[in-house]
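Undergrad: First, the structure itself, so that you have it in front of you.
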Amino acid sequence: MSQRELTIPSGSAGAKAWNWLAQSLTQHDQMTAYFEPLIQIVLPQWTTTGYRSKVVQVRRETADVYTLVIKPSGRWPQFTPGQYLEITAERDGARQSRYFSISCSPEQYSRSGNIELTIRVQEGGRITPWLREHFEHGGIVTLSAAQGEFVLAAGNEPLLMIAGGSGITPFRSMLQHLGASKSSRDVHLMYYGRDAQSLLFRDEFERLAAEHSNIHVTFMDGEEVGVISEEHITEHCADYAERLAMICGPTPMIKRSRALLQEMGVAVERIDFEYFGAAPIEMERESADDALVSFERSGLFTEVSAKEPTSLLDVAESQGLKPVSGCRIGVCHQCKCTKKSGVVYNTKTGAYSDTGHEDIQLCISVAVNDVVLDI
């Protein structure tokens with residue numbers, strides 16, 4: 001579905017007025033973020049972006065994991081193995097959106113016309129169980145274009161993939177792609193599950209490994225072997241130091257795997273990772289002073305603790321403000337706003353900002369010192 005946005009020549013008086021009005025109503029330079037929710041009160045499925053697509057099957061994988069098989073609109077663009085997308089569906093008159101990795105390869109999509117999203121039902125969750133039940137007999141959803149940078153690095157350098165639980169989904173897409181493209185790239189997947197029954201796509205991975213001598217898979221039953229350890233890595237992938245490492249799964253597993261690999265001499269720039277959920281807030285500033293966060297347009301300010309860092313989105317909401325937000329994990333960019341001064345820490349990239357004027361995402365930004373926000 002193709003959409004157009006109203007454009008005004010940059011630098012004109014009209015552009016300045018348009019930007020002023022948009023920023024007065026939202027944190028964005030465009031009015032889309034303001035008008036879209038209003039229109040959706042009358043037309044819940046109306047959207048300025050996205051591709052209407054058909055759910056053709058809900059396939060059960062385990063007791064708490066299922067796969068949505070979806071036929072995207074013919075205009076939906078191609079994707080790169082490892083990327084994710086936003087899926088939006090109407091529930092009780094309101095749109096609900098979530099982000100999931102695409103768990104099949106581009107080659108499979110080209111053959112079948114369908115993509116797959118493999119989803120774990122979140123305990124106490126509102127949306128993941130509802131998607132399974134609501135679309136059991138099909139239905140219409142809206143998909144975004146694929147996005148994300150957790151993809152295969154260019155070249156033919158060997159890889160060590162470490163997956164935990166449903167963090168296997170981007171790796172399934174990558175391995176399918178490597179097999180279908182007859183790549184000679186050497187890959188070793190170490191896949192951890194809480195038990196043998198929770199290891200997804202086991203038959204498929206075993207078949208890929210049998211058919212392609214460059215693909216190696218080690219299944220790690222958590223009930224038998226416990227959590228990832230240095231012994232596991234050296235036993236099952238002795239040449240780990242020669243490989244680029246990629247990690248995806250629950251936050252505790254990613255933190256432990258990254259720390260292990262660095263202790264084992266792997267340079268931080270040779271470790272790529274993607275969290276399934278919000279990244280942890282980790283800052284080495286135990287002795288730092290508390291920071292003052294000022295919300296300039298609202299005339300509000302508050303102190304935040306250096307020892308208990310909190311996202312700026314949570315800080316704003318604690319003051320009764322209601323910034324536009326969406327995923328809360330740094331994916332959708334709905335909570336983007338302008339930082340006018342101060343330093344923030346990006347919990348997704350692990351980078352510190354400059355001191356001056358720049359756009360930041362509230363949900364993944366933490367105040368390092370006094371910060372002024374244009375909210």
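Undergrad: List every residue whose amide H lies under 5 Å from the amide H of Cys332, counting only residues 5 or more places away in sequence or on a different chain, with H placed 1.01 Å from N in the peptide plane.
TA: Result for Cys332 returns Cys327.
Undergrad: Among the listed pairs Lys54/Lys336; Lys307/Lys340; Lys307/Lys336; Lys182/Lys255, which have their C-alpha atoms separated by more than 27 angstrom in this model?
TA: Lys54/Lys336; Lys182/Lys255
Undergrad: In whole Hz, with x marking every Gly and Pro, tabulate ³J(HN,Hα) for the range 269-274 from phi via Karplus 6.51 cos²θ - 1.76 cosθ + 1.60, θ = phi - 60°.
TA: Coupling constants for the range 269-274: 6, 9, 10, 9, 8, 9 Hz.
Undergrad: Turning to a different aspect of this structure: Give the lysines whose C-alpha is closer than 21 Å to that of Lys339, dropping any in the same chain fewer than 8 places away, or say none.
TA: The reachable lysines, counting only those whose Cα sits under 21 Å from Lys339, are Lys16, Lys322, Lys348.
Undergrad: Does a label point 7 Å from the Cα of Ala63, set along Cα-to-beta-carbon, have any residues of the range 189-207 with amide nitrogen under 18 Å, and which are they?
TA: Residues passing the 18 Å test: 193-201.
Undergrad: List, in order, the whole-Hz ³J(HN,Hα) value for each residue of the range 351-362 obtained from phi through the Karplus relation with A = 6.51, B = -1.76, C = 1.60 and θ = phi - 60°; use x for Gly and Pro.
TA: 3J(HN,Hα) across the range 351-362, in whole Hz: 9, 9, 7, 6, 7, x, 5, 6, 7, 9, 9, 4.
Undergrad: Something else: Give the cross-link partners of Lys71 among the aspartates and glutamates, using a straight C-alpha distance below 13 Å as the criterion and excluding same-chain residues fewer than 8 apart.
TA: Glu116
Undergrad: In whole Hz, what ³J(HN,Hα) sequence does the range 249-265 give by Karplus (6.51, -1.76, 1.60; θ = phi - 60°), x for Gly and Pro?
TA: x, x, 3, x, 5, 5, 4, 5, 5, 4, 4, 4, 4, 5, 5, 8, x
Undergrad: Please give the net charge around Asp186, taking every other residue with its beta carbon less than 13 angstrom from that of Asp186, where Lys and Arg add +1 and Asp and Glu add -1.
TA: Net charge around Asp186: -1.
Laboratory data are not the source of any read-out in this text; all were calculated from the coordinates shown. Being a predicted model, the structure only gives us computed values, none of them experimental. Because the Cβ atoms are built from the backbone with ideal geometry, glycine has one as well, and the counts that use them run over all protein chains shown.
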